[in-house]
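What follows is a set of notes on a single structure, which appears directly below.
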């Protein structure tokens, strides 16, 4: 899991009032007024620290046979063709600014999944189940031997507002992953490494971008745009 931070540059405005312009015989004076604008990171309201712009991604699951935890990821055991695995990732705004949010669902071993889906990787969208209407599926892209499915939150993810008494925005991304019931034994072995093998990964990565003053969502880093559809 990873977190993206958008840095906001503090602005310094110099206002200079010059009185008296002429030869050296005239009196003259200069006054400088410096206005410093601080972000929360610099101490200007709402606290500081490195988390002034941050997002959290956690996961819950009712799958019985699993190891790991909801912050680094579960390992799901005894997964069979046709299994519907409970996997509930949730994003939460842990900073103090509202956010645009994108989520990437990443299937490793793209070549095997291409075979499983009959060279129709659009079917992978159907494996991700229980996506709330808050999200829009944008499509997929194959890169670095993996399949990246992109989901975008339709509206901003609110920051907590103590003055207004509102809590931080929190959204479930989906609720389960279904394994194709028509997957063959050979394909399952290729994906998992066989009995006792390493298995295959379905990773979830959340990205946040400044919402305020950014209606066109400018500034997504290359890490995000390079795997956008």
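The values are calculated or read from the model by the stated rules, or taken from the named source; none is laboratory data. Predicted model, so just to flag it, every value in this text is computed and none were measured. Using ideal geometry, Cβ is built from the backbone for each residue, glycine included, and neighbour counts are taken over all protein chains shown.
Taking the listed residues 156, 171, 178, the one that is in contact with a helix residue (DSSP H, G or I) (Cβ under 6 Å, 6 or more places away or on another chain) and either in contact (Cβ under 8 Å) with a residue 40 or more places away in the chain or crowded, with 16+ Cβ neighbours inside 10 Å (or both) is 178, with no other qualifying. Taken together, the residues in segment 114-133 that are in contact with a strand residue (DSSP E or B) (Cβ under 9 Å, 6 or more places away or on another chain) and touching a residue at least 40 places away in the same chain (Cβ under 8 Å) amount to 7. In this structure, does residue 102 turn out to be touching a helix residue (DSSP H, G or I) at 6+ places or on another chain (Cβ under 9 Å), at positive phi and either modelled with pLDDT under 90 or surrounded by 14 or more Cβ atoms within 10 Å (Cβ to Cβ) (or both)? Spelling it out, it is not the case that residue 102 is touching a helix residue (DSSP H, G or I) at 6+ places or on another chain (Cβ under 9 Å), at positive phi and either modelled with pLDDT under 90 or surrounded by 14 or more Cβ atoms within 10 Å (Cβ to Cβ) (or both).
Considering only residues in segment 185-211 that are more than 17 Å from residue 227 (Cα to Cα) and in contact with a helix residue (DSSP H, G or I) (Cβ under 6 Å, 6 or more places away or on another chain), the one that is modelled with the lowest pLDDT turns out to be 199.
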